[in-house]
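Worksheet: the structure to be examined is printed underneath.
Please treat every number below as a calculation from the coordinates, not as lab data. Since the structure is predicted, the reported quantities are computational estimates derived from the model, not experimental observations. Cβ atoms come from the backbone with ideal geometry, glycine included; neighbour counts cover every protein chain shown.
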Amino acid sequence: MRKSLLTLGLLAAISAPVMAADYSDGDIHKNDYKWLQFNLMGAFDELPGESSHDYLEMEFGGRSGIFDLYGYVDIFNLASDPGSDKDSADSKIFMKFAPRMSLDALTGKDLSFGPVQELYVASLIEWDGANGSTNNQKIGLGSDVMVPWLGKVGMNLYSTYDGNAKDWNGYHFAMNWFKPFFFFENGSFVSYQGYIDYQFAMNDDVKELNTTNGGAMFNGIYWHSDRFALGYGLKGYKDVYGLKDGGWAGKTTGFSHYVAATYKF
């Protein structure tokens with residue numbers, strides 16, 4: 001699944017003065033914000049399976065006290081097109097929720113060091129709808145890190161629990177960014193935004209299906225106004241989700257393309 005288009009609310013947080021989180025005054029709500037947007041998406045040659053389809057994504061996030069949240073819900077084949085390669089799919093929905101709990105806000109202490117601005121207990125839940133073929137719960141350590149040119153970048157390292165197999169299975173490194181780099185006189189701007197998901201140390205007992213590692217990188221160029229956004233994304237895959245390229249899952253290494261039209265609430 002595609003992942004993460006950040007919005008203007010997050011831009012406001014990222015564009016704030018660069019400083020470590022300081023909650024020693026007891027005001028854990030001073031950095032609160034929230035956002036919600038709907039993205040009408042087109043995916044082309046999405047892996048695995050080289051699937052081309054439309055979908056609607058409700059994407060949201062924000063900050064409230066000690067909690068930081070990102071999430072989305074995807075609904076596939078909106079028009080119930082019988083010619084869509086998602087028409088016969090068992091699952092028409094995919095959900096991802098990534099709540100984090102700030103250790104700085106929880107303890108009231110400045111835990112920053114070097115480029116690391118804030119630390120979190122990070123979690124991630126991934127689930128699809130009809131048949132539950134994806135049912136993952138992940139827990140680990142998260143951070144906000146200052147990176148040259150990109151600015152504040154989210155980085156999280158999780159341990160993965162497979163809810164279907166009832167077993168722990170490897171680790172997941174996630175990184176996301178949102179970098180405005182060109183501004184128009186009317187206040188709109190162009191951003192480079194994207195993410196990296198890389199999984200490793202996974203079980204590969206079924207050699208025809210799995211590898212021990214794999215991942216994807218999304219690179220998006222988007223135009224943003226206060227209420228709308230338009231964008232294009234190129235996503236590169238390498239044995240995505242730890243599925244062996246050319247194995248039982250088919251093609252899992254290559255590139256896909258995305259187009260998006262967004263309305264911001």
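Counted by Cβ distance under 14 Å from residue 143, the other residues give a net charge of -3, where Lys and Arg count +1 and Asp and Glu count -1. Taking 244, 109, 138 in turn, the Gaussian network model of the chain (Cα-Cα springs below 10 Å) assigns the largest fluctuation to 109. Computed per residue of the chain from DSSP H runs no shorter than four, each worth -39500 (n - 2.57), the mean residue ellipticity at 222 nm is -1000 deg cm²/dmol.
Reported to the nearest whole Å, the Cα centre-to-centre distance from region 175-190 to region 53-80 is 21. Can you give the local net charge around residue 118? Use residues other than it whose beta-carbon is closer than 12 angstrom to its beta-carbon, Lys and Arg +1, Asp and Glu -1. The answer is -1.
Report the net charge of residues surrounding residue 249, where surrounding means a beta-carbon distance below 11 angstrom and charges are Lys +1, Arg +1, Asp -1, Glu -1. Walk me through the numbers before you get to the answer.
Values: positive: 244, 251; negative: 208, 239, 245.
That works out to -1.
Using DSSP loop states and a limit of at most 14 other Cβ atoms within 10 Å to flag GluC sites (Glu not before Pro), what is the longest stretch of the chain containing no flagged site? Between exposed loop sites, the widest span is 51-184.
For a distance above 35 Å, tell me the whole-number percent of Cα pairs in the chain that qualify.
On the way: 5605 of 34980 pairs.
Tail fraction, whole percent: 16.
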